[in-house]
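Report on the following structure.
The values are calculated or read from the model by the stated rules, or taken from the named source; none is laboratory data. The model shown is predicted, which means the values in this text are computed figures rather than measured ones. Every residue, glycine among them, receives a Cβ derived from its backbone with ideal geometry; neighbour counts consider all protein chains shown.
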Amino acid sequence: MQRDRVGRVRARRAASATVPRRSLPRLPSRRYVSHVPTFSKIIAATDFSEDSNLALTFAQELALKFSAEVVLLHVDQPLAPVMMTPELGPAMDVGAMGRIAEEQRMLAQKELDKIAGKLREGGLKVKVQLRVGSPFLEILHTAQTENADLIVLGTHGRTGLAHVLMGSVAERVVQKSACPVLTIRHPDRKFKHPLDK
């Protein structure tokens with residue numbers, strides 16, 4: 001009997017010694033398991049392209065599901081100064097460039113108001129913002145000042161060498177954003193490697 005008991009004890013010790021204590025994956029702590037993301041404020045960045053319109057439909061659906069406010073944002077890039085030489089013709093006056101930029105902003109504001117009206121008809125709370133500057137910086141700044149929970153934008157734009165040299169707005173926003181970013185690619189767009197001809 002004594003020998004049998006000693007043998008069982010040794011067998012248990014041997015079995016427990018061969019299996020390391022931490023070999024099984026640890027379960028996440030309770031606070032992470034119960035966390036379900038909710039969104040109360042969503043930035044919907046648009047440049048009025050097809051890709052942006054598709055991304056806007058995703059932002060609209062998420063806002064409806066979470067009863068979130070949508071901040072509809074368009075960033076107008078300032079016009080680059082044009083350098084003219086006498087050989088190329090008369091120089092463009094600064095006043096004309098200012099008028100062109102102002103007209104561009106007025107058209108953008110009208111388009112934003114039209115989109116916001118449609119979203120409001122759908123039962124959403126919408127705030128419209130038109131900013132001037134670098135698109136990715138202004139998107140990040142708006143997300144920070146508005147205390148946004150999510151940024152939604154389309155992936156589109158540059159391809160080939162321009163993409164390699166300048167990158168894309170969506171990429172930069174994803175890399176630098178403090179809040180989650182949902183990027184939407186139009187289904188008709190196929191992946192093209194930036195270095196392909």
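Of the helices (runs of 4 or more DSSP H) lying entirely inside segment 122-197, not one contains at least 3 residues that are charged (D, E, K, R), modelled with pLDDT of 95 or more and within 15 Å of Ser52 (Cα to Cα). Of Glu50, Glu61, Glu69, all but one fail to be modelled with pLDDT of 90 or more, surrounded by fewer than 13 Cβ atoms within 10 Å (Cβ to Cβ) and not polar (S, T, N, Q); the exception is Glu61. Using beta carbons and a limit of 6 Å, which pairs, at least six apart or on different chains, have the first residue in segment 181-197 and more than 30 Å from Gln144 (Cβ to Cβ) and the second one modelled with pLDDT under 70? Pairs that qualify, where the first residue is more than 30 Å from Gln144 (Cβ to Cβ) and the partner is modelled with pLDDT under 70, are Lys192/Thr159. One residue stands out in segment 127-145 among those that are more than 19 Å from Ala108 (Cβ to Cβ) and in contact with a strand residue (DSSP E or B) (Cβ under 9 Å, 6 or more places away or on another chain): the one that is surrounded by the fewest Cβ atoms within 10 Å (Cβ to Cβ), namely Leu140.
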